[in-house]
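**Q** Sharing a structure below in structure tokens format, with a few things to ask.
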RNA sequence: CGCGGGGUAGAGAAAUCCGGCAUCUCGUUUGGCUCAUAACCAAAAGAUUGGAGGUUCAAAUCCUCCCCCCGCAACCA
């Protein structure tokens, strides 16, 4: 059935995780779980980027040992992944000297062998405030606009990577969809950027940047962020030893990234791979940022959303649902507690949760919690609707429109609720009397208390009742499978309460006896 | 002319590339239902698609001009 290797970007550990990072994990998780259901062997990698001057400085400020500092922050990111029930198989850290460092040095040598690394003097205007070189065009009256100071002229000799050499091939790969970039406007953006792509600096003098991977054969230099961080995608799966796993998994099927690091993933990374003789990733999915009440999330404004607090307040599955449903996958989205609560109430509590509850009650009251599933009772219209919904859902996921895929699922929920009202199953049979001392089915059977036609007149149609229930069950089982990538626990809970499971799939329903069981309400009203 | 994104019922979005009765969700109003978490269903009201002009049998969509909002500095995905 093939494999599916998906990655998130690795988080920079100079600050604790915020909700945007959670979103990226969730999107990757949805893709991983979706492909898992398709029967593919999935591998999901995430991790942390732990080198660089800023981190060294942050550790120093807190008076901590650098490794200890990154250990602590990285642990928070791992905790986040666990907390959100992320299905990652691995967690790579760039300070990992067993797996990551050797891989970085190996790819460095490969680039060198291809003649793509050269030393050059770089003379630039360095703004201390920015901790970065400024372009003359970014200055006003020779001063940095933001920091109101003249940048220093600094001359450094560094290693450079011949990015320019690969521009054309990368452009071709993007154009012919060998390396897809979604959404489409991001692809256009990259194609424009590629025209101006210049060679990039790949090292820093180790006197300035010690906290990183040493350049092989050059003690005076440290590998700069691109070659270090990007390599995680192959270091984690065994690039250094060229393991079986590496051969099986590479190239990645999807890299999930934020819009801010698109240029590095769509230009530098592919160029590195080409230079090292490795195939390009098949797709890059670019998500936007989360605003809060229409405002940019920022520490200065103080509106940063803490994902841990969110989960604590609303629970994992509602938060997963909200972020994946409300934030358009490839665009910026808006977060607000109001919207979160509205989504929760209308979609989860009143929509899906209530639907599950009413169907279970119907089955319990009139069929004593047992239904013998008959495929021939499936309504052709329902079957057709589910088929169409699935097509749209799959197309949306393939095009990185996860929020719309979820919209498809919930249109099915709405349909099912309407279907109940339309067919009024409670009118079709007389419910089994509720007697507190009669518990089991056999007891009820003996007492002649099983469901009967409501009357012998036209109104009583138990066959029709069974048909309506069958279709509702069919809808709910399908909804469970469709919702699994987004809300895995909810999906499994629903399946379980209908006496079914994920492993059983949807092909073998015919002639199965389903024993239903009411569990606690899925999403209590707020 | 710096680059990019955007302006569509009260709110949020879709349709825009490739012109064809302007769609969906929430909210509002009215009616229905009682299996269900006071939940659910149906119907209705509500938009001169930011403005002006043009092309066309037909424009939210194509062309021209104008107005307005948001990113493109940091923390940060």
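What follows is calculated from the coordinates using simple rules that are stated; it is not laboratory data. All of these numbers come straight from a predicted model, not from anything done at the bench. Every residue, glycine among them, receives a Cβ derived from its backbone with ideal geometry; neighbour counts consider all protein chains shown.
**Q** Grab the beta carbon distance between residue A:463 and residue A:411, set R0 = 25 Å, and tell me the FRET efficiency rounded to 0.05.
**A** Result of the calculation: an efficiency of 0.30.
**Q** Cα-based Rg of the range A:158-246 per 2.2 N^0.38 Å, rounded to two decimals?
**A** 1.32
**Q** For the Cα atoms of chain A, what angle does the longest principal axis make with the long axis of helix A:402-423, in degrees from 0 to 90, nearest 10?
**A** 10 degrees
**Q** Next question, about the same structure. Can you show me the helix-derived [θ] at 222 nm for chain A, built from DSSP H runs with n ≥ 4 at -39,500 (n - 2.57) apiece and divided by the number of residues, rounded to the nearest 500.
**A** -13000 deg cm²/dmol
**Q** If you average the alpha carbon positions of the range A:1-33 and of the range A:380-407, how far apart do those two centres end up, in angstrom?
**A** The two parts, judged by their Cα centres, are 23 Å apart.
**Q** For the range A:369-417, max minus min Cα coordinate along each principal axis, in Å, sorted largest first?
**A** The Cα atoms of the range A:369-417 stretch 38, 20, 15 Å along the principal axes, largest first.
**Q** Still on this structure: Express in nm, to one decimal, how much length is gained between residue A:334 and residue A:506 on full extension, taking 0.36 nm for each residue of separation and deducting their alpha carbon distance. Working shown, then result.
**A** Values: separation 172, 0.36 × 172 = 61.92 nm, distance 3.60 nm.
Length difference between fully extended and current span is 58.3 nm.
**Q** Using 0.36 nm per residue of separation minus the Cα-Cα distance, give me the extension gain between residue A:248 and residue A:1 in nm, one decimal.
**A** 87.6 nm
**Q** Dividing the alpha-carbon radius of gyration of the range A:204-311 by 2.2 N^0.38 Å (N being the number of residues), what value is obtained?
**A** Cα Rg divided by the expected 2.2 N^0.38 Å: 1.37.
**Q** Along the Cα→Cβ direction, 7 angstrom out, place labels at residue A:195 and residue A:71. What is the inter-label distance in nm?
**A** About 5.1 nm, to one decimal.
**Q** Take every Cα-Cα distance within the range A:291-385, group them into 5 Å bins from 0 onward, and report for each bin the whole-number percent of pairs it holds.
**A** Spelled out bin by bin, the range A:291-385 gives 3, 10, 14, 16, 14, 10, 9, 8, 7, 4, 3, 1, 0 percent.
**Q** Which percent of Cα pairs goes in each bin when the distances of chain A are cut into 10 angstrom slices starting at zero?
**A** Reading the bins upward from 0: 3, 16, 24, 22, 15, 9, 6, 3, 1, 0.
**Q** Given R₀ = 22 Å, FRET efficiency for residue A:518-residue A:424 by Cβ-Cβ distance, to 0.05?
**A** For residue A:518 and residue A:424, the calculated efficiency is 0.55.
**Q** Rounded to the nearest angstrom and ordered from largest down, what semi-axes does the equivalent ellipsoid of the range A:73-117 get from its C-alpha gyration tensor (root of 5λ)?
**A** 32, 10, 8
**Q** Kirkwood Rh over alpha-carbon pairs of the range A:1-120, then Stokes-Einstein at 37 °C and 0.692 mPa s: what D in µm² s⁻¹, rounded to an integer?
**A** Reported coefficient: 204 µm²/s.
**Q** Okay, next question. Measuring from centroid to centroid over Cα atoms, what is the spacing of the range A:60-110 and the range A:217-293 in Å?
**A** After rounding, the separation between the Cα centres reads 15 Å.
**Q** Got a sec? How would A:306, A:408 order by Cβ neighbour count within 10 Å, fewest to most?
**A** In order of increasing Cβ crowding within 10 Å: A:306, A:408.
**Q** Further question on the same structure: Fully extended, how many nm does the chain gain between residue A:15 and residue A:392 (0.36 nm per residue separation, minus their Cα-Cα distance)?
**A** The residue A:15-residue A:392 span can extend by a further 131.8 nm.
**Q** Would you mind ranking A:426, A:226 so that the residue whose beta carbon has the fewest other beta carbons within 10 Å leads the list?
**A** By the 10 Å Cβ count, ascending, the order reads A:426, A:226.
**Q** Let me ask something else about it. Any idea what angle helix A:462-483 forms with the longest principal axis of chain A, computed on alpha-carbon atoms, 0 to 90 degrees, nearest 10?
**A** Result, in degrees: 10.
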